[in-house]
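Shown next, in structure tokens, is the structure this report addresses.
The values are calculated or read from the model by the stated rules, or taken from the named source; none is laboratory data. Please read all numbers here as calculations on a predicted model, not as lab measurements. No Cβ is skipped: glycine too gets one built from the backbone with ideal geometry, and neighbour counts run over all protein chains shown. Quick note on the areas: whole protein, heavy atoms, side chains included, nothing else; ligands and nucleic acids left out. Shrake-Rupley method; radii C 1.70, N 1.55, O 1.52, S 1.80 Å.
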Amino acid sequence: MTRDLFGTDGVRGTANLHPMTAEMALRIGAAAGRYFRREAGGVHRVVIGKDTRLSGYMFENALTAGLTSTGMNVLLLGPVPTPAVGLLTPSMRADLGIMISASHNPADDNGIKFFGPDGFKLSDEAESEIEAMVLAGVAPAQAGNIGRAKRIDDGRFRYQERIKGSLPHGLSLEGMKVVIDCANGAAYRTAPEVLWELGAEVIPLGTAPNGRNINDNCGSTKPHAAAEAVVAHGADVGICLDGDADRIILIDETGSIADGDQLMALMASRWAAEDRLKDGVLVATVMSNLGLERYLGGKGLRLERTRVGDRYVVEAMRANGWNLGGEQSGHIVMTDYATTGDGLLAGLQFLAEMVQTGQPASALARRFDPVPQLLKNVRFTAGQKPLDAASVHSAIKHAEAQLVGKGRLLIRKSGTEPLIRVMAECEDDALLTQLVNTIVAEIEAAV
């Protein structure tokens, strides 16, 4: 089936440009409503959360109109982290969960993510069927069967209580000073409140959203302000979330930054030592550093790689019964506690490790020495296919030959932006830079 609308994480794009228009959101809402209302009778519900983007109001209303037109009852959560939608969809016995967010993207972008009744993101097959219904159009419900919409005021509080319950009973963060950067996004109230309730002294950043400043020089993609705050305040640790709070980047007490690979290495080794890591397997994507794979192998553990996208990590975990996975970018998935990546939950697990071991963040957040990795992005426009150029093929083939036994190369299109990502790993920094720059130059020439 066709997948022109859906990328690696729902539908995403610039607000008021196709496909992220109010008209298209209405059609997507109607199609999703019809898809989950195939069986007649009964009560049908959908929960909708959003981040703090200005366009969120527009898409919330458009989706509500489309969903209620097919007989779905809509429960509006307001600004909540993405994992809260994954949690509350099954908790509220809903047929569907929707998160309106473009995650770490700039404020002008927005997106629509879908969760099934089990709280997990929809499969490619389900998204393709919904897309086909968008294109074909759906019949609205009869006038007497139109759905209702209702605001739910305590959604984030339910989520907060659930993630606090993931910590060992009685564990307190008293005496710990924590910088928390909420990226002016969905967790701007949730994260500071949770940390404070657990006893930490909280230094909040990125907690004044205005609809335009989400991810603006803050959060997991721009952690330098938080790093400076950690050092300036003498904090024990910094936690940086992205706009919808499903990612985390850690900062130790020296201001050094640790990505998702380092956090996964820590958690996998600790869980394995406690006989909690299912089958001794950590699931990560092709983007995770080769150093992580070597670290796990040295401990008798295995790294299982998937294509990029936390939903594909989760699919592999569910298919095989594995319980820990994530992405280098900071999605950490713990299916013992959540159905999707949860930055705050992962941060709490790290803080618990600090409390229980008595070790500083710097001792815990550097599990392995990463293999030098270089990632560059090349932007292209619709209709262009630079990866099909013979010169690009030749450059890639030459680089792969140079990296045999030394590292690896990964070329892929982004599933959320019009970018081609060129990533390579190699112990030889000079060779690494040369190969990546050569490929990037050839792709730019073909654009």
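Kindly indicate whether ARG45 is open to solvent by 70 Å² or more (accessible area, probe 1.4 Å) and within 19 Å of ARG151 (Cα to Cα).
Yes.
How many of the residues making up the stretch 374-397 are at pLDDT 90 or above, open to solvent by 60 Å² or more (accessible area, probe 1.4 Å) and either outside any helix (DSSP H, G or I) or on the phi > 0 side of the Ramachandran plot (or both)?
4
For the stretch 422-431, which positions are within 17 Å of ARG294 (Cβ to Cβ) and open to solvent by less than 60 Å² (accessible area, probe 1.4 Å)?
Selection gives ALA424, GLU425, CYS426.
Check VAL371, VAL355 and return the single one that is aliphatic (A, V, I, L, M), on the phi < 0 side of the Ramachandran plot and open to solvent by 10 Å² or more (accessible area, probe 1.4 Å). Give the steps one after another, and end with the answer.
On the way: VAL371 fails: open to solvent by 10 Å² or more (accessible area, probe 1.4 Å).
Within the list VAL371, VAL355, the selection yields VAL355.
Quick test for you: out of ILE257, ILE249, pick the one residue that is surrounded by fewer than 20 Cβ atoms within 10 Å (Cβ to Cβ), touching a helix residue (DSSP H, G or I) at 6+ places or on another chain (Cβ under 9 Å), among the β-branched types (Val, Ile, Thr) and more than 19 Å from GLY358 (Cα to Cα).
It is ILE257.
Looking at LEU173, LEU88, LEU96, which is the one that is touching a Pro at 6+ places or on another chain (Cβ under 8 Å), open to solvent by less than 10 Å² (accessible area, probe 1.4 Å) and aliphatic (A, V, I, L, M)?
LEU96
Assess whether GLU400 counts as being out of contact with any helix residue (DSSP H, G or I) (no Cβ under 7 Å at 6 or more places or on another chain), acidic (Asp, Glu) and part of a helix (DSSP H, G or I).
Numbers: out of contact with any helix residue (DSSP H, G or I) (no Cβ under 7 Å at 6 or more places or on another chain): yes; acidic (Asp, Glu): yes; part of a helix (DSSP H, G or I): yes.
Here the answer is yes, as GLU400 does meet what is asked.
Looking for something in contact (Cβ under 8 Å) with a residue 12 or more places away in the chain, in contact with a Pro (Cβ under 6 Å, 6 or more places away or on another chain), under 23 Å from GLY7 (Cβ atoms) and assigned to a loop (DSSP other than H, G, I, E, B) - is there at least one such residue anywhere in the stretch 433-447?
yes
Could you give me the residue pairs with C-beta distances under 8 Å whose first residue belongs to the stretch 333-353 and is among the aromatic types (Phe, Trp, Tyr), whose second residue is in a loop (DSSP other than H, G, I, E, B) and open to solvent by 10 Å² or more (accessible area, probe 1.4 Å) wherever it lies, and which are 6+ apart or on separate chains?
Pairs found: TYR337/SER166; PHE350/ALA365.
In this structure, is SER103 part of a loop (DSSP other than H, G, I, E, B), at pLDDT 95 or above and in contact with a Ser or Thr (Cβ under 9 Å, 6 or more places away or on another chain)?
Yes, satisfied.
Would you call VAL11 closer than 15 Å to ALA132 by Cα and in contact (Cβ under 8 Å) with a residue 40 or more places away in the chain?
Details: closer than 15 Å to ALA132 by Cα: yes; in contact (Cβ under 8 Å) with a residue 40 or more places away in the chain: yes.
When the stated conditions are applied, VAL11 passes them.
Just the residues that are crowded, with 18+ Cβ neighbours inside 10 Å and either of a type in the set (Val, Ile, Thr) or without any contact (Cβ under 8 Å) to a residue 60 or more places away in the chain (or both), please, taken from the stretch 196-213.
Hits for the stretch 196-213 are VAL202, ILE203, PRO204, LEU205, GLY206, THR207.
Out of the residues in the stretch 3-27 meeting the condition of being among the polar types (S, T, N, Q) and over 16 Å from LEU419 (Cα atoms), tell me which one is most open to solvent (accessible area, probe 1.4 Å).
Applying the filter and picking the extreme gives ASN16.
Whether any residue in the stretch 222-235 is in contact with an Asp or Glu (Cβ under 6 Å, 6 or more places away or on another chain), open to solvent by less than 10 Å² (accessible area, probe 1.4 Å) and at pLDDT 95 or above is what I want to check.
yes
Of all residues in the stretch 130-155, which are under 24 Å from GLY42 (Cα atoms), open to solvent by 60 Å² or more (accessible area, probe 1.4 Å) and assigned to a helix (DSSP H, G or I)?
Correct list: ALA143, GLY144, ASN145.
Within the set of pairs 6 or more residues apart or between chains, which connect a residue that is in contact (Cβ under 8 Å) with a residue 40 or more places away in the chain inside the stretch 299-310 to a residue that is open to solvent by less than 70 Å² (accessible area, probe 1.4 Å) and not in a loop (DSSP other than H, G, I, E, B) with Cβ atoms less than 6 Å apart?
Going by the 6 Å Cβ cut-off, the qualifying pairs are VAL308/THR285.
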